[in-house]
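All remarks here apply to the structure that follows.
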Amino acid sequence: MKKALALSSLLFGLVFLAGCQQPTTNDNQPKLKIIWKSQAKGDYVADNRDPESVCKIVQTDNNMNNCNLLLSKSSADKTECADGMSVAGCFACKFECDK
C-alpha cells in the first residue's frame, strides 16, 4: 500500500511539474484590432487622389494615431466601403490598432 501511495504521489508530482513547464501567455502583449474606414470618391467627377494620402487623412481625422495603415486602395466594390459610400466607390482603408 505504501508503494502504491508513493508511486501515485510521485506520478502526481511529475504531472504537476510537467504542467508548470508549459509556456505562459503574456498578458502584457498589446492586443490588436482591425478597423476598416473609407472615404467616398466624388460621384460625378474623377477622383484621382492617391489612396494612401486619403487614408492618412482618414487616420488623422479619426484620431487613430495608435494605428498602422495596412491597406489603402481605391475601390468600386461597395463591400469594401466601410462608411461614406458613394456611387463612384470609395477609398478603402484598413488599419491595425492597439485595443
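Please treat every number below as a calculation from the coordinates, not as lab data. No experiment lies behind these values; they were computed from the predicted model shown. Using ideal geometry, Cβ is built from the backbone for each residue, glycine included, and neighbour counts are taken over all protein chains shown.
A few remarks follow.
- Size of the stretch 32-98 as Cα extents on the principal axes (Å, biggest first): 37, 21, 15
- Taken about its Cα centre, the stretch 32-98 carries a charge dipole of about 40 debye when Lys and Arg each add +1 at the Cβ and Asp and Glu each add -1 at the Cβ.
- Sequence of S75, S53, S38 once ranked by neighbouring C-beta atoms within 10 Å, starting from the fewest: S53, S75, S38
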